[in-house]
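Here the structure comes first, spelled out in structure tokens, and everything after it is commentary.
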Amino acid sequence: MNLPDRPITILIAALGGEGGGVMADWLIDASAQCGFPAQSTSIPGVAQRTGATTYYLEVFPATVSQLNGRQPVFSLTASPGNVDIMVASELIEAGRAMQNGFVNPERTTLIASTHRIYATIEKMQMADGRFDSSRVVDAGRQLAKQAILFDMRKLAEDSGTVINAVLFGAMAGSGALPLTREACEQAIRGGGRGAEASLRGFTSGFDIAAGAHPTPQSPAPPKHASEIGEIMRLGIERLTDYQGAAYADLFLERMKFFQDKDKKLSSETARHLALWMAYEDIIRVADLKTRASRFERVRKEVGAKEGEPVVVIDFLKPGIEELASLLPHFLGKRLISWAQARGKLDAYNIGMHIKTSGVFGYLMVRSLAWLKPWRPHSFRYQEEQEMIEHWLARVAEAAQRSPALALEVAQCATLLKGYGETHRRGKANFLALMDALVDNPATADTVEQAGAIRKAREAALADPEGKALGGALGKPVTWLKQVGRT
Amino acid sequence: MERSFKKEVELLKLGDGETFHGEGILAVTKALLQSGVAYVGGYQGAPVSHVMDVLNDARDILDDLGVHVETNANEAGAAAMLGASINYPIRGAVAFKSTVGTNVASDALSNLASAGVRGGALVVLGEDYGEGSSIIQERSHAFAMKSQMWLLDPRPNLPKIVEMVEKGFELSEASNTPVMLELRIRACHVHGTFTTKKNLGSKNSKKNPIAEPDFDFGRISLPPATYAQEKHKIEVRWPAAVAFIRKNKLNEVFAGAMSDTGIVCQGGMYNAVIRALQLLGLADAFGATRVPIYCMNVAYPMIPEETVAFCADKKRVLVVEEGQPAFIEDALQAALRRADANLTKVHGKDMLPLGGEYTGEVVLTGISRFLNRDVEINAVKKLKTRATELLGTVPARPPGFCVGCPERPVFAAMKVAEKATGAFHISADIGCHTFATLPPFNIGHTVLGYGLGLASNSAVDTMFGKRTLTIMGDGGFWHNGLTSGIANSVFNKDDGILVIMKNGYSSATGTQELPSSPQHSESKSDDMAIERALAGVGVGWVKTVDNYRVGDVAKVLKDAMSTEYKGLKVIIAEGECQLERQRKLRPVVAKQLSEGKRTIKVKYGVDEDTCTGDHSCIRLSGCPTLTIKDNPDPLRRDPVATVIDGCVGCGLCGENAHAAVLCPSFYRAEIIQNPGFFDKALNKLRNAFRGTTIHQRN
Ligand code: SF4
């Protein structure tokens, strides 16, 4: 017989703790069952602590007797362009593999799960730092000879097993693996514990890759409202729930000016306005935390089974700000300025673990929610409304000059996020930005001004704590210097 | 221990003519036994951690053979242990990570190499170089050269590795010189087969005691003996080694038809060279090559007779030598010059990169350049460019703290404390805690070596108007930190602050036991407390904190910063390594559940409707199970935080929310599995509120 002139090469990209090593063992075992010489290597070092890591295998698809004493020389590292089967247990790892040249249109079968496990660097951004998944999927379809891409984590969960079994099944089902299905299954069985579940996962992966079952579609991401009508409807709904019909009317009233303006501008302004008007004060939080729907959601999220009671403990740490926000305006203002002057804003917070699912805890939190009718008389309410009016007026003014500029001004409301110190910092950034770039712009050119606002906003979102860490509250953040004030 | 080798150690019992299937590092261990070692030891560290793990799991087998196993305190201790082979004809081996371990060991190695050995002494070096490495990138080769120890670098397949271990002992004895065997990380973890031999007992061992001590001043490192030893190295041991290597053909020549060209490579590079030639159509899958290869399974010393002969009819040779400086290339140049063989042009680092791992791709690129065949490479380049066009740069994913890691909260506390005290200088150390230098924490200004955190802080501490902070793990503490750091700091009346991460294990290397581990295997003494050691060296200010109480930890940090107390202040940050904790907990919980016993499962969560998507909690945690998801609110755009399956309920999320006054979105859920009568009754009472006027319905 003619011996094959090269081994089949398999590169597995996984994250530490995902069972990539077990999969490599299965492959070695299955190769042995088929009588093929094979070799695997890995670099487990510290990468196994949640980082990205790889396993590399070569299988020589000829039996020992066919080889008649000859020994193939196996490589210990994958070389770009020369990988037959590229396996990635997570989507970005598939992207990384492509970036490193391991996916070759003439040769490579790409098998990857489409789910995402976000890298720290993606998660920690103030706004949305996630890499666009669709780019990886598109690149995979273009760069691979055959691309088998679907959410294997979901399939693994459904089969009550781990992802490596599904990936292994998909490899076997893809037809790119020179090993028989029986040998693969035998290898799993030989692995002992959990073999039954692994075999289930293997079968489901195999069937999809082999085309016996359709590729499962990932559920569509939650819908974002972008059309003005829908946003207005949602806004009215939310604000009615937040403070009653009169408050929703105020929203409508405020939006009047924008009705016939640029579509994008009016919808974005409405969106930000609705969110801002429904600002998260302690009353709102208490209200949301004590709804029946919330307890149902918690049960679902933590995976409680029927009949298993779930105790929910909330972490609240109200302090001077929260107290002041509830006081009448003149009192609240005094308290805040007193605390600010002494740097005591965070000094008297009381950390509370409240068992909101318990009778007393529930009543305690619920009673805060009952303060709703008082809200319009509170310090925070008046402060927020003032700021909203100011911001809205600036958006409206800008709209007269240029819708694009107005849109940038409107978007600045994204800086107002979070609670406590995060919120304070966001607010300080917001005010500084409005002051320097909207109220006192260095340029009369609207395009330039819009660009400067966008840049500053993005900078503030990119590294919210870093820049402000050493500096005192309210000090202009560094990016303001570059813009300069006239 | 992170991984158990109870099953694999059975392979160590294989006898003559049987087949071993398994990992490289296990094959090395088997080879040691086939060589009749009397003692083994070492210090853990990737990629040779498994040697120590295997040895510890194989105690019964080793006891039967009379082999002594020592878990050494550090690499210096391991190397010093080889002193047993100086006077007595017994074989011994130790393993550690290189070059960091070799650095630590080099005092003992110098002395050992100078005195010379009667029994074979082998140092197995796990090379952590290149992709995924966690250490500085240097060569072990330099150590071999400076101490004149022989350096083996076998072709990375199991039969060759095993053969070189066996030959290594013979070489060591034939030349009275300790021998090093370097194994790259992938070779350590390579899975393959070889035909075994039966294990040999040592002539002298635990079972057959040495009768009389042997005194010989000539083996002491004191003048004038040291002068004689140096002479002996040059005049006797070196020639003996060269003769042995030549006679036993430890280096290999693979002939090829292209007789005017050749490749000289380290043994460890051989497979990459063959693969490159194969891709260029110059070799087949079985290693039959058209380009002649001289494969140096002995990387040091070079055998000039062999290299000169190999180059004799060649116009050009390429040296494939991983790492820098290019010792082999330079030695080859010198050898040819000395032999007046000036017709061969030697290439090496002009075709291949000076530094960095020689992966298949790198070697292929270099060899194609050498042979003027760049076509193969262009295709690969195009592939990468195309991918970059389509993808841009995908986010990096460095290693980090595990789910629920007890070290994470300490760094969160440092961030909280810094808000009050202002930023302070932090001298970091080696261990899992070094991950704090990465996002989201970016904590730690310098790293100077294992256990050296406090020592590295001694000058910088005096250069600030306020106190600085040092981090040390319990691994580093026992490795040398107690003496080089703590005792020294007390002695010099330094005013620093030291945080000792007491997670109970040498976690970064695979959760091996430490003297202060919470429980010990039979072969280890227990009850060695860090606290008593500190008291013993006179530390007067010691506070122990529970890591997960972020607020308390931050407070103690602030106290340490401001206290009147002058002198070393030690904060013991206690929290068991979550990997080990879960490993112990899992079977207990499973058993409880299956027996129908009441069990509380804790998981943290984030309320998606109060989360505003600012992610400040993530910037203070980085826990893999605290992540983000699409915002379910149609009006919002930015993703919200969420806790996914796998959260071990360590509590940090709630603590951070409090300590940093983050937000009210976090909750702790206690799921009562197998609820009792009382639970059910209470639940009923609570549910009675459902649908009443005070209960918000939607
Ligand atoms: S409580 Fe938070 S930090 Fe702890 S394991 Fe769960 S998600 Fe991770």
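The values are calculated or read from the model by the stated rules, or taken from the named source; none is laboratory data. Since we're looking at a predicted model, the values are computed, not measured. Please note: Cβ atoms are built from the backbone with ideal geometry, for glycine as well, and neighbour counts cover all protein chains shown. Each accessible area value is taken on the protein alone, full model and side chains, heavy atoms only, with ligands, DNA and RNA left out. Shrake-Rupley method; radii C 1.70, N 1.55, O 1.52, S 1.80 Å.
General observations
- Proportion of all alpha-carbon pairs of the protein assembly as shown beyond 62 Å (%): 17 percent
- Packing-based ranking, highest mean first, of B:142-152, A:157-167 given that Cβ atoms within 10 Å are counted: A:157-167, B:142-152
- The fraction of Cα-Cα pairs per 5 angstrom bin, counted from 0 for the stretch A:282-377, comes to 2, 12, 19, 19, 16, 13, 8, 6, 3, 1, 0 percent, rounded to whole percents.
- For the stretch B:181-193, 3J(HN,Hα) per residue [Karplus equation, 6.51 cos²θ - 1.76 cosθ + 1.60, θ = phi - 60°, Hz, x = Gly/Pro]: 10, 9, 10, 6, 4, 5, 5, 4, 9, 5, 9, x, 9
- For the stretch B:558-698, average projected area of the Cα convex hull in nm²: 13.6 nm²
- Other residues within the sphere of radius under 14 Å centred on the Cβ of B:Ser506, judged by their own Cβ, net out at -4 (K and R +1, D and E -1).
- Counted charge near B:Thr470, where neighbours are those whose Cβ lies closer than 9 Å (Asp, Glu -1; Lys, Arg +1): -2
- Peptide packing for B:337-344, B:437-444, A:271-278 was compared via the average number of neighbouring C-beta atoms within 10 Å per residue; ordered from the highest value, the list is A:271-278, B:437-444, B:337-344.
- Relative pair counts by distance (%), Cα atoms of the stretch B:193-303, 5 Å bins: 2, 9, 12, 11, 11, 13, 12, 9, 7, 6, 5, 2, 0
- Candidate aspartates and glutamates - alpha carbon under 13 Å from B:Lys207, same-chain residues fewer than 8 apart omitted: B:Asp63, B:Asp64
- Beta bridges per DSSP with both ends in the protein assembly as shown, % antiparallel, nearest 5: 40 percent
- Placing a label point 7 Å from the Cα of B:Asn687 along the Cα-to-Cβ direction, the residues of the stretch A:300-325 whose backbone N falls under 13 Å of that point are A:305-310.
- Label-point gap, in nm, between A:Ala212 and B:Lys384 - each point 7 angstrom along Cα→Cβ: 4.1 nm
- Amide H contacts under 5 Å for A:Met352: A:Leu316, A:Lys317, restricted to partners 5 or more places along the chain or on a different chain, H placed in the peptide plane at 1.01 Å from N.
- Carbon and sulfur %, accessible surface of chain A computed with the full protein complex present, 1.4 Å: 54 percent
- Using a 1.4 Å probe over protein heavy atoms, the accessible area lost on pairing A with B, summed over both chains, comes to approximately 11000 Å².
- Difference of contour (0.36 nm per residue) and Cα-Cα distance, A:Asp138 to A:Arg401: 90.7 nm
- Threshold 50 Å² - residues in the stretch B:598-616 whose accessible area is reduced by that much or more when the chain is no longer isolated, probe 1.4 Å: B:Asp607, B:Asp609, B:Thr610, B:Thr612, B:Asp614
- Calculated FRET efficiency, B:Val588 to B:Asn208, Cβ-Cβ distance, R0 = 45 Å: about 0.50 to the nearest 0.05.
- Whole-number percent relative contact order across the stretch B:408-580, with pairs defined as alpha carbons under 8 Å at least 6 apart: 25 percent
- Taking 24 Å as the limit for the C-alpha separation, the pairs B:Lys97/B:Lys146; B:Lys167/B:Lys197; B:Lys603/B:Lys684; A:Lys123/A:Lys417; A:Lys333/B:Lys558 exceed it in the case of A:Lys333/B:Lys558.
- Here, the stretch A:230-278 yields an orientationally averaged convex hull projection of 2.8 nm² when only Cα atoms define the hull.
- Å² of accessible area per residue within the protein assembly as shown, as computed with a 1.4 Å probe and no ligands counted: 40 Å²
- In the context of the full protein assembly, A:Val64 retains an accessible surface of approximately 100 Å², using a probe radius of 1.4 Å and ignoring ligands and nucleic acids.
- Karplus-derived HN-Hα couplings along the stretch B:649-654 (A = 6.51, B = -1.76, C = 1.60, θ = phi - 60°), whole Hz, x at Gly and Pro: x, 5, x, 4, 4, x
- In the stretch B:598-697, the portion of solvent-accessible area held by carbon and sulfur atoms comes to 57 percent [1.4 Å probe, whole percent, DNA, RNA and ligands not counted].
- If you take all other residues with their beta carbon under 12 Å from the beta carbon of B:Val28, and give Lys and Arg +1 and Asp and Glu -1, the sum is -2.
- Part-to-part distance (alpha-carbon centres) for the stretch B:224-241 and the stretch B:390-422, which is given in Å: 53 Å
- Normalised by 2.2 N^0.38 Å, where N counts its residues, the alpha-carbon radius of gyration of the stretch B:252-391 equals 1.07.
- Taking a straight Cα-Cα cut-off under 13 Å and skipping sequence neighbours fewer than 8 places away in the same chain, the aspartates and glutamates within cross-link reach of B:Lys555 are B:Glu418, B:Asp546.
- Residues with amide H under 5 Å from that of B:Met180, placed H, sequence gap 5 or more: B:Val123, B:Trp150, B:Leu151, B:Leu152
- Calculated P(r) tail over 34 Å for chain A, as whole % of Cα pairs: 54 percent
- Scalar couplings 3J(HN,Hα) for the stretch B:504-521, obtained by applying the Karplus form with A = 6.51, B = -1.76, C = 1.60 to θ = phi - 60°, are x, 8, 8, 6, 4, 8, x, 6, 7, 5, 10, x, 9, 4, x, 9, 10, 6 Hz; x denotes Gly and Pro.
- Annotation: amide H of A:Arg107 within the under-5 Å range of A:Lys145, sequence separation 5 or more or interchain, hydrogens built in the peptide plane.
- Euclidean distance of C-alpha centroids, the stretch B:294-346 and the stretch B:252-269, integer Å: 11 Å
- For chain B, the alpha carbon positions stretch 100, 67, 59 Å along the principal axes, listed from largest to smallest.
- Legend: mean number of C-beta atoms from other chains within 10 angstrom of residue C-beta atoms, peptide A:30-43, equals 4.
- Chain B: angle of helix B:550-562 to the longest principal axis, Cα-based, in degrees nearest 10: 70 degrees
- Projecting the Cα atoms of B:Pro156, B:Ala423, A:Asn164 onto the charge dipole of the protein assembly as shown, computed from C-beta unit charges around the Cα centre, puts B:Ala423 farthest toward the positive end.
- Mean-position separation - Cα centroids, the stretch A:196-226 and the stretch A:242-301, in angstrom: 36 Å
- Projecting the Cα atoms of B:Gly676, B:Cys653, B:Phe666 onto the charge dipole of the stretch B:598-697 (Cβ charges, centred on the Cα centre) puts B:Gly676 farthest toward the positive pole.
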